[in-house]
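Below is one structure; the comments refer to it alone.
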Amino acid sequence: MPTWTIKAEPVIGTGVDVVMRQYFTEMGRRVLRRPVTEAELRAVIVEDSHHDLGPPAGEFLVARGGEGEFLGCAGLRLLRSDPETAELKRMYVRPAGRGAGLGRGLLLAVEESAKRLGAVRIVCESNTELTEARALYTRHGYEETAPYEGHGKADHWFAKALG
């Protein structure tokens, strides 16, 4: 039985900015293969803001442990160019939450949220270095697809029809 809960929270909620910095720090280390600078962190947070991952066209889900600690998150937003397609963003499990199925739980929760928002398809982007994420998507029915209106340094794009 999971020792965590997942529910929608404001993307500006307690601890979110701290976790987003951790997310971008880890992505930088893994994708760029070097530590990111403070200037790079500030720039990417401004350039690729997570603040649109909330109502009315998005949602931000937070996984918390039994003591209320922030274990992970995942966001989604409907694409402006195709409002029947949701984009998975900022899926991140902190080290303390890894290895317990939390990534799967977040992914399934995001898919349910996307359906509630009216999406019939979900897309996401990833990188070669993020082998765990790519394996998770593939295990849950995501198929590699052509690039969509994403951004960043992605080199893999995935899509899944929501049933």
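The values are calculated or read from the model by the stated rules, or taken from the named source; none is laboratory data. Worth saying up front: this structure is predicted, and the values here are computed from it rather than measured. When we count neighbours, we look across all protein chains shown, and the Cβ atoms used for this are built from the backbone with ideal geometry, even at glycine. Ligands, DNA and RNA are stripped out before the accessible areas are found, and what is left, the full protein with its side chains, is counted by its heavy atoms. Shrake-Rupley method; radii C 1.70, N 1.55, O 1.52, S 1.80 Å.
Applying a threshold of 7 Å to beta carbon distances and a minimum spacing of six or more residues, or different chains, the list of pairs starting in the range 36-59 at a residue that is free of Cβ contacts under 8 Å to residues at least 24 places away in the same chain and under 27 Å from residue 119 (Cβ atoms) and ending at one that is in a helix (DSSP H, G or I) and open to solvent by less than 50 Å² (accessible area, probe 1.4 Å) reads 44/24.
What do you reckon, is residue 6 touching a strand residue (DSSP E or B) at 6+ places or on another chain (Cβ under 6 Å), surrounded by 11 or more Cβ atoms within 10 Å (Cβ to Cβ) and among the hydrophobic types (A, V, I, L, M, F, W, C)? The answer is yes for residue 6.
Among the residues here, residue 41 does not qualify as aliphatic (A, V, I, L, M), closer than 29 Å to residue 161 by Cα and open to solvent by less than 40 Å² (accessible area, probe 1.4 Å). Scan the range 118-127 and give yes if some residue there is among the basic types (Lys, Arg), surrounded by 13 or more Cβ atoms within 10 Å (Cβ to Cβ) and within 15 Å of the chain's Cα centre (by Cα), otherwise no. Scanning the range 118-127, I find no residue that is among the basic types (Lys, Arg), surrounded by 13 or more Cβ atoms within 10 Å (Cβ to Cβ) and within 15 Å of the chain's Cα centre (by Cα), so the answer is no.
Scanning the range 137-163 for residues that are at pLDDT 95 or above and open to solvent by less than 50 Å² (accessible area, probe 1.4 Å) turns up 137, 140, 141, 142, 158, 159, 160, 162.
Mind listing just one residue for me: the one in the range 1-48 that is among the hydrophobic types (A, V, I, L, M, F, W, C), part of a helix (DSSP H, G or I) and closer than 25 Å to residue 64 by Cα and, of those, modelled with the lowest pLDDT? Show your work before the answer.
Residues of the range 1-48 that are among the hydrophobic types (A, V, I, L, M, F, W, C), as a first pass: 1, 4, 6, 8, 11-12, 16, 18-20, 24, 27, 31-32, 36, 39, 41, 43-46.
If we keep only those that are part of a helix (DSSP H, G or I) as well, we get 16, 18-20, 24, 27, 31-32, 39, 41, 43-46.
Okay, now just the ones that are also closer than 25 Å to residue 64 by Cα, so 16, 18-20, 24, 27, 41, 45.
On the way: 16: 78, 18: 81, 19: 83, 20: 80, 24: 83, 27: 81, 41: 82, 45: 73.
Ranking the candidates gives 45 first.
Here is a yes/no grid of residues against (1) touching a residue at least 40 places away in the same chain (Cβ under 8 Å); (2) within 19 Å of residue 138 (Cβ to Cβ):
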| site | (1), (2) |
| --- | --- |
| 70 | yes, no |
| 74 | no, yes |
| 78 | yes, no |
| 81 | yes, no |
| 88 | no, yes |
| 93 | no, yes |
| 96 | no, no |
| 108 | no, yes |
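Restricted to the range 103-117, and to residues that are in contact with a helix residue (DSSP H, G or I) (Cβ under 9 Å, 6 or more places away or on another chain) and open to solvent by less than 40 Å² (accessible area, probe 1.4 Å), which residue is modelled with the lowest pLDDT?
So the first thing to find is which residues in the range 103-117 are in contact with a helix residue (DSSP H, G or I) (Cβ under 9 Å, 6 or more places away or on another chain), and the list is 103-104, 107.
If we keep only those that are open to solvent by less than 40 Å² (accessible area, probe 1.4 Å) too, we end up with 103, 107.
Working: 103: 94, 107: 97.
Going through the qualifying residues, I end up with 103.
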